[in-house]
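The block underneath contains the structure these notes are about, expressed in structure tokens.
Each value in this text was obtained by applying a stated rule to the coordinates, not by laboratory testing. Everything quoted here is computed from the prediction, not taken from an experiment.
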Amino acid sequence: MSKSEEFYKKLCNQLESTNTWPNFYLFKFIIKSKSNNLELIKTIFQNLDLEINIKSSKNNKYSSISIKAYMKSPDAIIKKYKEIGLKIPDVISL
């Protein structure tokens, strides 16, 4: 099992034991401000009940994105993290 798969398995177990599903989940990402990454993230999360907050760094080089989305299950959350990682290689997931 790869390190990332171990991470996702642990995350799934934590989410299952601490929440009831469906429920809201807060995703957090850091991206480079001058890129199309924000639009890619919005596309990945389309069709979900969500709230997006964006904050730029002091020098506007990076943006912090918080997405509160209504998710069906821990598996659905992990699927979103994996999709973001595949489509946006330089994203930082928190």
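Cα centroid distance between region 71-94 and region 18-70, in Å?
First find each Cα centre; the distance between them is then 11 Å.
List the aspartates and glutamates whose Cα lies under 17 Å from the Cα of residue 72, skipping any in the same chain that are fewer than 8 positions away.
16, 49, 51, 83
Taking Cα pairs under 8 Å and at least six residues apart, what relative contact order does region 3-93 come out at, in percent? The partial results should precede the final answer.
Numbers: 116 pairs, mean separation 35.0, N = 91.
That works out to 38 percent.
With runs of 4+ DSSP H residues as the only contributors, calculate the mean residue ellipticity of the chain at 222 nm using -39,500 (n - 2.57) per run, divided by the residue total and rounded to the nearest 500. Write out the running numbers ahead of the final one.
Details: 3 runs with 38 residues, N = 94.
Helices in the chain give a 222 nm mean residue ellipticity of -12500 deg cm²/dmol.
Can you report the principal axis dimensions of region 25-71 using only the alpha carbons, biggest first, rounded to whole angstrom?
Rounded to whole Å, the extents work out to 33, 17, 11 Å.
Rounded to the nearest whole Å³, what is the per residue volume of the convex hull around the Cα atoms of the chain?
96
For the cross-link pairs 28/58; 9/68; 9/34; 61/87, which exceed 27 Å when the distance is taken from alpha carbon to alpha carbon? Present the calculation step by step, with values, prior to reporting the outcome.
Details: 28/58 18 Å; 9/68 21 Å; 9/34 33 Å; 61/87 20 Å.
Pairs exceeding 27 Å: 9/34.
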